[in-house]
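K.L.:
Quick one: the structure is below, questions incoming.
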Amino acid sequence: MPVESHPRGLFVTGTDTGVGKTLVTAALVRFLRERDLNVGVMKPLETGVDDPKGLGHDGALLKWAAGSEDDDDLITPYRLQAPLAPSLAAEEAGVRIDPSRILEAARTLAEGHQFLVVEGAGGLMVPVSGGLLIADLVRELALPLLTVCRPGLGTINHTLLTLFAARAMEIPLAGFLINGMPERPDPAERSAPHTLASLASADLLGVLPRVAGTDREKVAALARALEELPTLPWLLTALGLES
């Protein structure tokens with residue numbers, strides 16, 4: 001059952017590990033807050049959490065970016081210690097992942113905030129429980145999908161496959177962001193935005209630079225980069241905001 005008929009929010013996925021999905025998600029949250037929106041954040045499943053009694057790294061970063069006072073169990077209903085896919089990490093911990101618990105938490109957050117940003121675990125085809133994939137969770141949440149990809153070699157294949165899978169599962173696409181463009185890109189990195197924009201079945205909403213510093217400093221830098229994008233009107237439209 002969807003969170004609501006027409007939820008105002010976004011589900012963020014990545015095409016691969018190491019694409020900076022959490023940093024971009026947190027930057028989007030900060031970007032929205034700077035536009036005076038009350039933003040709820042959610043990382044339904046986080047693995048590799050040292051102490052599952054509290055939030056993991058990703059959940060904590062999102063909570064900080066949102067300035068959230070929501071309960072940790074709403075932000076991350078499932079916190080698992082093993083650094084594995086959620087289904088395997090849950091099995092190792094003797095935990096059964098119940099999708100209805102995630103949907104109920106999302107519903108509560110959506111009711112308490114103007115905008116809900118949900119970050120997935122890995123990519124769309126990551127197994128959650130039994131035959132349930134992250135993509136199935138996205139569809140149940142009924143949130144448009146924003147895909148974060150990298151600029152380097154291999155990104156054309158990874159990005160197009162992710163978008164194709166989303167289309168095949170009838171998941172609405174908000175668009176995609178390329179993250180981590182170096183100051184001096186190589187030929188593959190330099191050509192990626194044009195190639196993806198011409199081939200993808202979704203809008204390229206921006207190209208974000210590679211940033212340095214602590215994770216909080218990176219989030220702040222990426223939030224500024226979002227505000228300065230030449231494609232900012234497209235991003236605002238994808239988010240359902242007016243320019």
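K.L.:
In contact with a Lys or Arg (Cβ under 9 Å, 6 or more places away or on another chain), of a type in the set (S, T, N, Q) and open to solvent by 40 Å² or more (accessible area, probe 1.4 Å) - does that describe any residue in region 112-120?
P.N.:
Yes - at least one qualifying residue is present in region 112-120.
K.L.:
I'd like to check something: does region 233-242 contain any residue that is touching a Lys or Arg at 6+ places or on another chain (Cβ under 7 Å), assigned to a helix (DSSP H, G or I) and either open to solvent by 40 Å² or more (accessible area, probe 1.4 Å) or of a type outside the set (D, E) (or both)?
P.N.:
So far as region 233-242 goes, no, none of its residues is touching a Lys or Arg at 6+ places or on another chain (Cβ under 7 Å), assigned to a helix (DSSP H, G or I) and either open to solvent by 40 Å² or more (accessible area, probe 1.4 Å) or of a type outside the set (D, E) (or both).
K.L.:
So which residues in region 138-167 are among the hydroxyl-bearing types (S, T, Y) and over 16 Å from the mean Cα position of the chain (by Cα), if there are any at all?
P.N.:
T155
K.L.:
Among the residues in region 129-143, are any out of contact with any helix residue (DSSP H, G or I) (no Cβ under 7 Å at 6 or more places or on another chain), in contact (Cβ under 8 Å) with a residue 60 or more places away in the chain and in a loop (DSSP other than H, G, I, E, B)?
P.N.:
Yes - at least one qualifying residue is present in region 129-143.
K.L.:
If you go through region 1-48 one residue at a time, how many are open to solvent by 10 Å² or more (accessible area, probe 1.4 Å), hydroxyl-bearing (S, T, Y) and modelled with pLDDT of 95 or more?
P.N.:
So the count comes out to 3.
K.L.:
Further question: Only one of these conditions is not met by A89: (1) open to solvent by 30 Å² or more (accessible area, probe 1.4 Å); (2) over 22 Å from L145 (Cβ atoms). Which number is it?
P.N.:
(1)
K.L.:
Okay, moving on. Within region 121-133, track down each residue that is farther than 16 Å from L145 by Cα and surrounded by 22 or more Cβ atoms within 10 Å (Cβ to Cβ).
P.N.:
Passing the criteria: only V128.
The values are calculated or read from the model by the stated rules, or taken from the named source; none is laboratory data. Computed from a predicted model, the values in this text were never measured in an experiment. Glycine gets a Cβ as well: all are built from the backbone with ideal geometry, and neighbour counts include every protein chain shown. In case anyone asks, the SASA skips ligands and DNA or RNA and just uses the protein heavy atoms, side chains included. Shrake-Rupley method; radii C 1.70, N 1.55, O 1.52, S 1.80 Å.
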